[in-house]
1. Work out from phi, with θ = phi - 60° and the Karplus expression 6.51 cos²θ - 1.76 cosθ + 1.60, the ³J(HN,Hα) of each residue of region 54-62, listed in order in whole Hz, and give x for Gly and Pro.
2. Using the Karplus equation 6.51 cos²θ - 1.76 cosθ + 1.60 (θ = phi - 60°), what ³J(HN,Hα) coupling, rounded to whole Hz, does each residue of region 101-106 give in order, writing x for Gly and Pro?
3. Among 20, 154, rank each residue by its count of other Cβ atoms within 10 Å, from fewest to most, as a rough exposure measure.
4. Using a 10 Å cut-off around each Cβ, can you sort 117, 139 from fewest to most neighbouring Cβ atoms?
5. Taking amide hydrogens as modeled 1.01 Å from N in the peptide plane, which residues meet the under 5 Å criterion relative to residue 85, leaving out close sequence neighbours?
Amino acid sequence: MALSYRGRLLGGQSVEIARLDPAVIAAGDNYDADFRESRIEDPTGDRIGRGVRRELPAVRLPCQVETQAWDALEMTQAGAAPRTRVTVVLHFEDLERAGLVDGETGEAAIRPGDRVVAFYDRRGRLIERVRTPPGLYVVEAQSIASGLGGQRNLLALHCEDRALRVGA
């Protein structure tokens, strides 16, 4: 039997992620399939719509963070509109240990639309909680590498803020 080495993550951070509740999505209650996001609701009757997400309890996983932009200044006709883009790299062994890989399909349970809640250091101390709004959401989940033995090992979560600007 050949042993394979699946590699490891660089750094010692962890990320907390709140996944959309798949039961709610499957039922169609509060999920707009056309826009692929939670519906806007007006729970107070003030005619100001609010996104109401139904999420599973957040999970914390070891990660490697690659920041492209964090609150980078972007100007629009309406004024300043900071932009955030981050790639969070997870190891499939950690996902498997947490029960976040479908045993039948091999698909990771973290998907576009899931929300990044916070980042922690190697001792579990809070580095930064992500402000919501605008929030930081997975826009793409991509398997990016295989270990030396040919087993899939890394999942890159490309994350972006939700635009709070005119024309974005």
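1. Taking θ as phi minus 60°, the curve returns 10, 10, 7, x, 5, 10, 10, 9, x Hz for region 54-62.
2. 10, 5, x, 7, 9, x
3. Numbers: 20 22, 154 19.
Going from least to most buried by this count: 154, 20.
4. On the way: 117 18, 139 15.
Fewest-to-most ranking of 117, 139: 139, 117.
5. Counting only residues 5 or more places away or on other chains, the set is 68, 69, 70, 71.
All of the numbers you see were taken from the coordinates with simple rules; none came from a lab. Because the structure is predicted, anything quoted here is derived from the model rather than measured. Virtual Cβ from ideal backbone geometry, glycine too; neighbours counted across all protein chains shown.
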